[in-house]
Amino acid sequence: MKKILIMLCTFISAFSLADIAEEPQTLNPFLDKKLIQSFQLDNSVQNWKESVVNILLVGQDGQMPLPFPYINRENGDQIRRLSSRADATVLLSFNKDTGQTTLFSLQRDNVDISDQNEILTHQYILKGRRYYLNLVKNRIEKTVRQLHQEKLFFAPDQKLHIHGMVELDFQTFTNLLTHLHSDLLSTAQLAWGLRAHSVELLNLLNPDNDALKKLRARKNYLSGSYQRSLNHALFISSVLGILSYTMVDSNEKNFLDLSVLQEIFSTLSRTFALGELVQNLKMRDQKTSVLEKNGFHQGVSQVDIYLLGVDTESYALYKSGKLFVNISDRGLQANDRLLRNLDVQLGQFLKVKDCDLCR
């Protein structure tokens, strides 16, 4: 603990308070409208109707002690100032034409020469969310163009659009799981909707279960933070798999409309309402949602996962149960060589039932 405090103080002392973004720790789409508008997200009504909807998930680091930890919100309320780095950066891409969901996970120490060697995780707190969003866009756009996958991920203007953000730190994540564990035991609608996975989820959400520690640790792995990023992505794909099974095989099409889930989502830092996302993930037939297409087949998720390395040409792709790794010559000189040590089995600690109807 002493070592962690020293590191935090060192980071803070390297910058004046004026260098740190004057933004709230937790965003609210109804109370922070002007601020969210300044992020220049692609969140107009027309943008949400595009064939590809992209949502950025930000795993916030622990909050740092600041000498002036509060700022005023637009309505005058005093709230906690942003005091976390972006410890994890994951883009969820939903294609409404193909039904394919793809995750892009950016290495926390990502540095791009064309972006003045700025480390991604630091710019979130130093220059704020708008600047950080541009770094994320630039990095993913480069990978998509190198792979010649523009048609699958870009908007009509041939750019990557990011429609919204969701943020949480590990303490919020823990509280969310505790809340969900309690609701599974007390809310009949939720328990019934998740009946096929209720036992698995209750075991996983048990406070004594050590499995979720894999989502936080990185020093225990040969591939370091790359393995943690893979664990994050595999966990998200498993949650999406359970959601697809629930909506299709259990015939709970309106599962995300449950008030208890709406309430849980409202506790997160976010730029949109859950209903707005759900409404805009319907495929072109207007009957099926992309969220229904993420089921597991023969124990394998149908979600594609890209782990992007420090170098722009280095990445790992997990697709249809197979892992492909590409490391550039420059990446070999950096930590990207650790991508070779990735172990998919380490991140598969949530069992998901196959859904043959989720196609």
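The values are calculated or read from the model by the stated rules, or taken from the named source; none is laboratory data. Since the structure is predicted, the reported quantities are computational estimates derived from the model, not experimental observations. We place every Cβ from the backbone using ideal geometry, glycine too, and count neighbours over all the protein chains shown.
A few points about this structure:
- Here Ser105 meets the list (1) more than 18 Å from Asn43 (Cα to Cα); (2) part of a loop (DSSP other than H, G, I, E, B); (3) among the small types (Gly, Ala, Ser) almost entirely, failing just condition (2).
- Of residues in segment 224-251 being surrounded by fewer than 19 Cβ atoms within 10 Å (Cβ to Cβ) and within 22 Å of Ser320 (Cα to Cα), the one modelled with the lowest pLDDT: Asp249
- Those residues of segment 298-313 which are small (Gly, Ala, Ser) and either in contact with a helix residue (DSSP H, G or I) (Cβ under 8 Å, 6 or more places away or on another chain) or free of Cβ contacts under 8 Å to residues at least 40 places away in the same chain (or both), in sequence order: Ser301, Gly309
- A Cβ distance below 7 Å, combined with a sequence gap of six or more or placement on separate chains, defines the contacts here; from segment 122-149, residues that are of a type in the set (A, V, I, L, M) reach residues that are assigned to a helix (DSSP H, G or I) and surrounded by fewer than 17 Cβ atoms within 10 Å (Cβ to Cβ) in the pairs Leu126/Asp19; Leu135/Asp115; Val144/Glu150.
- Going through (1) β-branched (Val, Ile, Thr); (2) crowded, with 18+ Cβ neighbours inside 10 Å; (3) in contact with a Ser or Thr (Cβ under 8 Å, 6 or more places away or on another chain) one by one, Thr172 falls short only on (2).
- Tyr221 passes every criterion in (1) more than 30 Å from Phe324 (Cα to Cα); (2) modelled with pLDDT under 90; (3) of a type in the set (Phe, Trp, Tyr) apart from (1).
- Residue among Lys137, Lys219 that is more than 22 Å from Lys351 (Cα to Cα), of a type in the set (D, E, K, R) and over 17 Å from the mean Cα position of the chain (by Cα): Lys219
- Applying the condition of being among the polar types (S, T, N, Q) and not in a helix (DSSP H, G or I) to segment 175-220 and asking which residue is surrounded by the most Cβ atoms within 10 Å (Cβ to Cβ) yields Thr187.
- Test for Glu50: is it surrounded by fewer than 21 Cβ atoms within 10 Å (Cβ to Cβ), at pLDDT 95 or above, assigned to a loop (DSSP other than H, G, I, E, B) and not aromatic (Phe, Trp, Tyr): yes
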